[in-house]
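One structure below.
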Amino acid sequence: MTSQLRQSGGPAQHEYRILRDADLRGYLAELRAVATQLGGPPEDWSVSEVGDGNLNLVFIVRGTKGGIAVKQALPYVRLVGESWPLPLSRSHYEYLALVHQAALAPGLVPAVLHHDEALALIAMELLEPHIIMRKGLISGVCYPRFVDHITTFLARTLFLSSDLAVPAAQKKEGIAAFAGNHALCKITEDLIFTEPYFQAAQNRWTSPWLDATAIAFREDFDLHVAISRLKLKFMARPEALIHGDLHTGSIMATEDETKVIDPEFAFYGPMGFDLGAVIGNLIMSYLASAGHEHSAGERRSFEQWVLDAIENLWAEFSRKFVELWRGEAKGDAYPKTLFAGQAGAARLEAERQAYMDRLFRDTVEFSAAKIIRRILGLAHNIDFEWIEDPRLRATCEARSLRLARAMMLQTREFRTIGAVTIAARALRDWQPDFGG
Ligand code: SR1
Ligand code: MG
């Protein structure tokens, strides 16, 4: 992208530096297409840093004609500081993922306007009036088009990058293209699949209420086996190009539109990890809702919407995925020659159902892992963090941990998505015994 723009009058190659205000303005002024989109003289552009994520800087730049968003990777983890270095190459993988996702699921990711690998910078479409979906959910906003959009995104990006859809050589090239993103995978391997289950220095939880639960999770070898099996699935199953961090903070939404952002954790991994991220985060939104009530029951219709969304999400995803499989199976998996005739077609259809059942079990387990890490690990969710009363927060978190532990250890009891929502509903008003 940089070299193409340079040929058409873009800037010369830059050394990495953190771009701030005037520097960013000057840099963008050299990009003809971007400057035209902004409009007016660069001195009049407004620049504000709005990033509230764990890793990067995000600037909103506005000119007389329009605005753009600029994301720049820092050489360290923003949440922790310079003591935790992180490769800038994640910006390259994010750019690559955005381009792939735009091709596979048009209209569901922000348009990329410019990428500069050396500066670890991506300029993209400003999403307005979209807000981070997690913030909308905390305020009790329902998103009527969300399930349709996110299931299209998931079914298309996962199916169309898998061995079901692409020839083996192309799939392996895809794996290779993202293999260098291992530092971001390592964050996930540590923060989701390891640290919440031992006394890692950076863990935190709502103390003292969850102290006993945190200790119990650290001493529970059934759980340690389950999370270790899941970690291995994450590490060793390159099923499809996954987003890698698809929580509700990676989604920007209005009532009518949904855009998936921030795929810097993208790599070829297990499909259930993305599905589990969305469902696990919706479960947390549901079980955190009681903590945001001003009067008992005022958020019931919102909560019902979240439960319906969880159920519809799996149903719609699996319908769309199987439909793609029936119509666009151009990959080398399940060779047509092995499923000839009517009997072969029937057997393949049954196998599709078995495949979806396995994927559902993965999804349930990954959802559970996503919940546990946000309550006992380093990086927490504002769904819980914004509950001011710590005892109430701990109550919502304890309900979520109880559900997550069951989903992780008794996965076979959660045969349908309805079983998950029934269990969540049963825990909505459960009162944990905090002792004392
Ligand atoms: C140190 S990074 C912590 C978390 O932020 C990202 O959003 C990922 O979820 C990561 O695990
Ligand atoms: Mg992110």
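The values are calculated or read from the model by the stated rules, or taken from the named source; none is laboratory data. Computed from a prediction, not measured in an experiment: that's the story for all the values here. Here the Cβ positions follow ideal geometry from the backbone for every residue, glycine too, while neighbour counts run over all protein chains shown. Accessible surface is based on the protein model in full, side chains and every heavy atom, while ligands, DNA and RNA are left aside. Shrake-Rupley method; radii C 1.70, N 1.55, O 1.52, S 1.80 Å.
Here are a few things to note about the model shown:
- Linear extension gain, Ile131 paired with Ser83, 0.36 nm per residue minus alpha-carbon span: 14.2 nm
- Heavy-atom accessible area order for Ile68, Ile132, largest first, 1.4 Å probe: Ile132, Ile68
- Taking GluC sites (Glu not before Pro) across the range 303-365, the ones in a DSSP loop with at most 15 further Cβ atoms lying within 10 angstrom of their Cβ are Glu328.
- Taking a straight line from the alpha carbon of Lys171, these aspartates and glutamates sit under 20 Å away, with near neighbours fewer than eight places off in the same chain left out: Glu94, Asp163, Glu239, Glu264, Asp274, Glu328, Asp332.
- For the range 2-125, the relative contact order works out to 21 percent when only alpha carbon pairs closer than 8 Å and six or more residues apart are counted.
- Here the calculated FRET efficiency for Ser207 and His182, from their Cβ-Cβ distance with R0 = 30 Å, stands at 0.35, rounded to the nearest 0.05.
- Remark: the chain carries 42 Å² of accessible area per residue (probe radius 1.4 Å; ligands, DNA and RNA excluded).
- For the chain, the share of accessible area belonging to carbon and sulfur comes to 53 percent (1.4 Å probe, ligands and nucleic acids excluded).
- Computed label-point distance, nm, for sites Ser48 and Tyr334 using a 7 Å Cα→Cβ extension: 5.0
- Computed over the chain: relative contact order in percent, which uses C-alpha pairs under 8 Å that are six or more apart: 17
- Computed lengthening from Val99 to Glu298, 0.36 nm per intervening residue step minus Cα-Cα distance: 67.5 nm
- In range of the label at Arg361: residues from the range 197-228 whose backbone nitrogen is under 19 Å from the point 7 Å along Cα→Cβ: 222-228
- For the set Ser83, Ser400, the ranking by accessible area, highest first and with no ligand, DNA or RNA atoms included, is Ser83, Ser400 under a 1.4 Å probe.
- In the complete set of protein chains, residue-level accessible area for Ile18 is approximately 60 Å², probe 1.4 angstrom.
- Cα-projected label distance for Leu232 with Phe434, points at 7 Å along beta-carbon direction, nm: 3.9
- Inter-label distance for Ala426 and Arg145, nm, one decimal - labels placed 7 Å from Cα along Cα-to-Cβ: 3.8
- Proximal lysines to Lys231, defined as alpha-carbon separation beneath 21 angstrom and excluding residues fewer than eight positions away on the same chain: Lys186, Lys370
- Extension gain, Asp21 to Asn312, is 100.3 nm, computed as 0.36 nm per intervening residue step minus the present C-alpha separation.
- Charge dipole of the chain about the Cα centre (unit charges at C-beta), most positive-ward option of Ala168, Leu392, Gln101: Ala168
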